[in-house]
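These notes concern the structure reproduced below.
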Amino acid sequence: MKNRVAELRQQQLLTQEELADILEVSRQTISSIENGRYNPSIELAFKIARFFQTAIEDIFIYEETGGK
Amino acid sequence: MTKKQDTRKIVYLGLLLLAIGLVIVGIFLEGRWTGVLIGLGAGLLGVSGAQLITERVMQGNPELKRKVRVEELDERNIQINQYAKAKAFDFFQFLALPFFLVLVVADVPLWIVLLAIAVYVADWAVYLWFLTRRMNEI
């Protein structure tokens, strides 16, 4: 799943470490989310959305894979 | 220090004393129990000692304590840990059957073969118990 976490973080002039501290997760988790290697739980996605004061679907872009 | 930390410290101190006791008894005892007691005591000494040192270091460093807590509760770390444990369980299934075969071929006493099989069955029982419980939970 693609996301805009890195873009929003950079807009707020935050480092991965700082965002991780705010969200109470590890820096590696932020890095993995930004790189699209890890999809956060609904709870963490809500925390991220709430922090950036935007809707989840504006941050995480769901793209259907596979199909008929 | 919170009540939970106090309890943990008391438990580790108790284990440390037990470990020292086991090692001492092991040294003075003769026969096959010497090795068992010293081994058990040394292992317990290592675990409880390490935990007490960790508690001590973290007590004087709240920032380190917070970071360790974040790492422990981090959802990605938990997921990775659970994945690794699940893979280890799968891998154990591959190892178990050849291991039983080796025991039989090596002509070890029957009770050892049965004990090994019982451990294997117990492992599956625990798996099924958690599987059922989790299915009912979520």
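No lab work stands behind these numbers, since they all come straight from the coordinates. Keep in mind that this is a model prediction, so the values were computed, not measured. For neighbour counting, all protein chains shown are included, and Cβ atoms are generated from backbone atoms with ideal geometry for every residue, glycine included.
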The set of residues whose placed amide H lies less than 5 Å from the amide H of A:Asn3, leaving out same-chain residues fewer than 5 positions away, is A:Ile61
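At a threshold of 8 angstrom on Cα-Cα distance, excluding pairs fewer than six apart, so keeping six or more, what relative contact order does chain B reach in percent?
On the way: 59 pairs, mean separation 20.1, N = 138.
Dividing the mean separation by the residue count of chain B yields 15 percent.
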Of all lysine pairs in the protein assembly as shown that are eight or more residues apart or on different chains, those with Cα atoms under 26 Å apart total 12
Applied in sequence order to the range A:21-32, the curve 6.51 cos²θ - 1.76 cosθ + 1.60 (Karplus, θ = phi - 60°) yields integer Hz couplings, x standing for Gly and Pro, of 4, 5, 8, 6, 10, 7, 5, 4, 5, 4, 4, 5
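Taking neighbour Cβ counts within 10 Å as the exposure measure, how do A:Ile61, A:Ile56, A:Ile33 sort from fewest upward? Write out the running numbers ahead of the final one.
Values: A:Ile61 10, A:Ile56 15, A:Ile33 26.
Going from least to most buried by this count: A:Ile61, A:Ile56, A:Ile33.
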Ranking B:Phe130, B:Leu101, B:Val57 by how far each Cα lies towards the positive end of the charge dipole of chain B (+1 on Lys and Arg Cβ, -1 on Asp and Glu Cβ), the top one is B:Val57
If every Lys and Arg gets +1 and every Asp and Glu gets -1 at its Cβ, then about the Cα centre chain B yields a dipole, in debye to the nearest 20, of 540 debye
Diffing the range B:80-86: the Karplus 3J(HN,Hα) column from phi (6.51, -1.76, 1.60, θ = phi - 60°), in whole Hz with x for Gly and Pro, holds 4, 4, 5, 5, 4, 5, 4
Under the rule rounded for a/c under 1.5, else prolate if a/b exceeds b/c, else oblate, using alpha carbon gyration tensor axes a ≥ b ≥ c, the range B:33-105 is classed as oblate
1/(1 + (r/R0)^6) with r = Cβ-Cβ of B:Leu13 and B:Val102, R0 = 45 Å, i.e. FRET efficiency to nearest 0.05, evaluates to 0.60
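First check a/c for the protein assembly as shown, with a ≥ b ≥ c the square roots of the eigenvalues of its C-alpha gyration tensor; if it is under 1.5, answer rounded, and if not, answer prolate when a/b is larger than b/c or oblate otherwise.
Details: a/c = 3.28, a/b = 1.52, b/c = 2.16.
Judged from the Cα gyration tensor, the protein assembly as shown comes out oblate (a/c at least 1.5, b/c at or above a/b).
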Per-residue ellipticity at 222 nm attributable to helices in chain B (runs of n ≥ 4 DSSP H, -39500 (n - 2.57) apiece, nearest 500 deg cm²/dmol) works out to -32000 deg cm²/dmol
With x for Gly and Pro, the residue-by-residue ³J(HN,Hα) of the range B:7-23, computed from phi through the Karplus equation 6.51 cos²θ - 1.76 cosθ + 1.60 at θ = phi - 60° and given in whole Hz, is 4, 4, 5, 5, 4, 5, 5, x, 5, 4, 5, 4, 4, 4, x, 4, 5
Expressed in µm² per second, the diffusion coefficient of the range B:75-137 from the Stokes-Einstein equation, with Rh the Kirkwood radius over alpha carbon pairs, at 4 °C and 1.567 mPa s, is 95 µm²/s
Note: chain B at 25 °C, 0.890 mPa s; Kirkwood Rh on alpha carbon pairs; Stokes-Einstein D in µm²/s works out to 127 µm²/s
Sparse-neighbourhood loop hits (GluC sites (Glu not before Pro), chain A; DSSP loop; Cβ within 10 Å at most 16 others) -> A:Glu24, A:Glu63, A:Glu64
B:Thr34 and A:Ser41 label points (each 7 Å along its Cα→Cβ direction) are spaced in nm at 5.2 nm
Shape call for chain A, from the Cα gyration tensor axes a ≥ b ≥ c (a/c under 1.5 means rounded, otherwise prolate when a/b beats b/c, else oblate), comes out prolate
Rounded to the nearest Å, the spacing of the alpha-carbon centers of chain A and the range B:12-40 is 51 Å
One finds, for B:Phe94 and B:Asn136 with R0 = 22 angstrom and r their Cβ-Cβ distance, a FRET efficiency to the nearest 0.05 of 0.15
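Take every residue in peptide B:61-71, count the Cβ atoms of other chains within 10 Å of its Cβ, and give the average of those counts. Mind showing how you got there, number by number?
Numbers: counts 0, 0, 0, 0, 0, 2, 2, 0, 1, 8, 5.
Mean shielding count: 2.
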